[in-house]
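Written below as structure tokens is the structure these notes are about.
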Amino acid sequence: MKKYNLLALALIFAFLLNSCGSGKKAYQKGNYYTSVIQSVDKLRRSPKNKKARIALTDAYPLALRTIELDNDNLQKSNDPSKWKRILANYNKVNHMYEEILRSPEALTLIPTPKNYYAEIDNVKKRAAEETYAKGLEFLLKNTRPDAIRAYDLFAESQSYVANYKDTNARMEEARIMATLFVMVKQDEVPATYAVSGQYFKNKIDEYLHGKDSYINFVEFYSPEEMIQLGYQPDHEIILRYMDFSIGNVYFKESSEQLIKDSVIVATIKAPVTNTGNSGDTGGTTGNDGRRDNDGNTSGGNDGNSGNNGNSGNSGNSGSDGNSGGSGKVKICHKGKTLEVAQSAVQAHLNHGDALGPCGGDGAMASEIVVQEGYIPIYASVKATLTTYEKTVTSKAMLSMTISESTGTRVLKEEQFPAEHIWVSKWGHFNGDERALTEEQLHMCTQKELAAPTRDATFNILSEQFYRRVTQNIKSFYENY
């Protein structure tokens, strides 16, 4: 049936392709029927087209004459398909009739177009009988290719006359003769593998009995269905599980030291710079600087006093950062929170201390914002990252053998490997979180996952088997 549909589409495409001109070129080539159709179409769109008018006037009588002459010759011939061809010619005449009636301008040029509607029914019956007889001839040859041809001929006969004679029964007879009955046998999963293959078996059964596996003249059945229906298999497909390796566990642990430079670890208040005009102003810098009676300043390590009323130099912040604040930075040293000078921060960090108050290993450091009037303190931050990776690898192999029912000839044999790798990753860190990347930080929030069960893993492998097996079966029988 498919090839008749394709033929019809090809004829329609050819007709549309040839209907674009005025009909003159087709007339000049002797294609009178095509010239009529093209010229009528042109007149429908452009009633005053001179070329189309001339082509229609000249082509129509010649088209009618050649068609009727061909029919006369066919009726006298022994052509086994003559009535089908005569019917096609009558359809051409009727088509010209209908097209002319749909064009007022064409109807003025051909006022009495001819038709064969009265003769059509009788010719259809003859075409149906002719095609039916040919179908019987092929059916009696008793081979699968001839049965397929017979089925198509009986279907064609019905297209001329619905339910002609016993075409329904003959089509079923031809279908059974043409059909390959394929028995699909799935071996049980060996008990030593400790998994169930029911999921895969159900998937294959659903496919073989569903519309996705539909192939003309090929039907799939289980061994139980074959016995129940009383069919003898023409082919046998055996699906057998081969090598298994499910649930091989691999564990990996690794640690690495992470360092990130130029990180803001603290801020201190910016120093205030004043120019002293007298001894009274020379020792003002530094919160703890004290001025003696002579105007000398003490307490600020770098704060110089103005002597005897001389201008005092600008008071610089001391090593402890004594400029508008204590300048101390909190660190965690061996479980105790200490405050150290900013100049000593890096040394403590290098020895494994953590920035900020003690709060447990892996404590999240707060982001430090540099506010106006403060200056940042930069240092390198460190952390120890420990990661864990658990991998479960599973592999399996399935073989497919297609053979004749006698088992004497193997038609196709193939093996399908499948593999699934399950991975769980997690970790933790000690030290400053700012030494870690976002990905590393995310990993430290993960926990070890439970590995899938053996059955769940085998079902995943079965999905791979399913795709490969069904693709191979369909490809094989579509081209068989």
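Nothing in this text is a laboratory measurement; each read-out follows from the coordinates by a stated rule. Everything numeric here is computed off the predicted structure, so don't read it as measured data. Note: ideal-geometry Cβ built from the backbone for every residue, glycine included; neighbour counts use all protein chains shown.
Compute the normalised compactness of the stretch 53-123: alpha-carbon radius of gyration over 2.2 N^0.38 Å, N being the residue count. Working shown, then result.
Working: Rg = 13.3 Å, N = 71, 2.2 N^0.38 = 11.1 Å.
Scaled against compact globular proteins, the figure is 1.20.
Quick one: how many lysine pairs does the stretch 345-466 have with C-alpha atoms less than 22 Å apart and a gap of 8 or more or different chains? Give me the count, please.
Details: Lys390/Lys425; Lys390/Lys447; Lys395/Lys425; Lys425/Lys447.
Lysine pairs meeting the criterion: 4.
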Lys382 neighbourhood, Cβ < 9 Å, K/R = +1, D/E = -1, net charge 0
dims of the stretch 331-480, Cα set, principal axes, largest to smallest, nearest Å -> 93, 32, 20
Kirkwood calc, the stretch 70-199, C-alpha pairs only, radius in angstrom 18.5 Å
Length-normalised contact order of the stretch 64-157, Cα under 8 Å, at least 6 apart, in percent, tallies to 24 percent
Using alpha carbon centers only, the stretch 239-261 is separated from the stretch 183-209 by a whole-angstrom value of 29 Å
For Glu98, the net charge from surrounding residues (Cβ-Cβ under 14 Å; K, R +1; D, E -1) works out to +2
Inter-part gap, Cα centre of the stretch 64-139 to Cα centre of the stretch 392-418, in whole angstrom, is 55 Å
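Using Cβ contacts closer than 10 Å as the measure, can you line up Trp426, Trp83 from fewest to most? The partial results should precede the final answer.
On the way: Trp426 16, Trp83 22.
Ascending Cβ contact count within 10 Å gives the list Trp426, Trp83.
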Applied in sequence order to the stretch 58-69, the curve 6.51 cos²θ - 1.76 cosθ + 1.60 (Karplus, θ = phi - 60°) yields integer Hz couplings, x standing for Gly and Pro, of 7, 7, 4, x, 6, 5, 5, 5, 5, 5, 5, 5
Cα extents of the stretch 409-480 per principal axis, largest first, Å, are 71, 24, 15
Per the stretch 164-273, sqrt(5λ) over the Cα gyration tensor eigenvalues, sorted largest first, in Å, gives 68, 24, 10
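Give me the net charge of Ile460's neighbourhood, meaning all other residues with Cβ under 13 Å from the Cβ of Ile460; Lys, Arg count +1, Asp, Glu -1. Show your work: numbers first, answer last.
Values: positive: Lys203, Lys395, Arg454, Arg467; negative: Glu419, Asp455, Glu463.
Result for the local shell: +1.
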